[in-house]
Amino acid sequence: MAGDDQNGTPEALVIDAPLYHEMIEHVRSVAPIEGVGLIAFAGDRAVKIYRGTNVEQSTTRYSMDPTEVVAALNEMDQHGWQLGAIFHSHPRSEAAPSPTDLRHAYYPNALMVIISLLTDPPVVRAFRVDGEVREVPVRVLPEEGTAETA
Ligand SMILES: [Zn+2]
């Protein structure tokens, strides 16, 4: 991914409500293990959620099954999508990147999305992590008018 600046890093997580809820359901379903997954973007908005398996099976760390990552990236490639974001949950802590998260941020062109399950509804925050850490907006689009052809 290094040097792949053409797509840039998204300036926001723009996501339809059904995809947003799918992401939250996934991380809730695996709690108290940290949940993980990928978000494909078409242009500047999310189009698909890939539910990952946390091979660490840890409540404080995550690592998505590499086979799932490769399959997802291949499918994104076929559709002309980009890896816009990588999400994971913090079952028992706030939605801020941990030192471990920052050390393992290998995809600077993808947003780091963190879902804190401390509260209900969960808190979802998105960050650009490319040398520096900067929070970007999360915009959940209402369910109506979510046709794929904008
Ligand atoms: Zn984390």
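The values are calculated or read from the model by the stated rules, or taken from the named source; none is laboratory data. Keep in mind the model is a prediction, meaning the values are calculated, not measured. As a convention, Cβ positions derive from the backbone with ideal geometry for all residues, glycine included, and neighbour counts pool all protein chains shown.
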*Only one of (1) over 29 Å from ASP120 (Cα atoms); (2) in contact with a strand residue (DSSP E or B) (Cβ under 6 Å, 6 or more places away or on another chain) fails for ILE33. Which number is that?*
(1)
_Restricting to the stretch 124-147, name every residue that is surrounded by 16 or more Cβ atoms within 10 Å (Cβ to Cβ) and within 15 Å of the ligand (Cβ to nearest atom)._
VAL124, ARG125, ALA126, PHE127, VAL129
*Could you pull out the residue among VAL30, VAL36, VAL55, VAL14 that is on the phi < 0 side of the Ramachandran plot and surrounded by 21 or more Cβ atoms within 10 Å (Cβ to Cβ)?*
VAL36
*Does THR100 meet the test of being within 16 Å of the ligand (Cβ to nearest atom) and modelled with pLDDT under 95?*
yes
*Could you pull out the residue among VAL113, VAL14 that is within 16 Å of the ligand (Cβ to nearest atom), in contact (Cβ under 8 Å) with a residue 40 or more places away in the chain and of a type outside the set (Lys, Arg)?*
VAL113
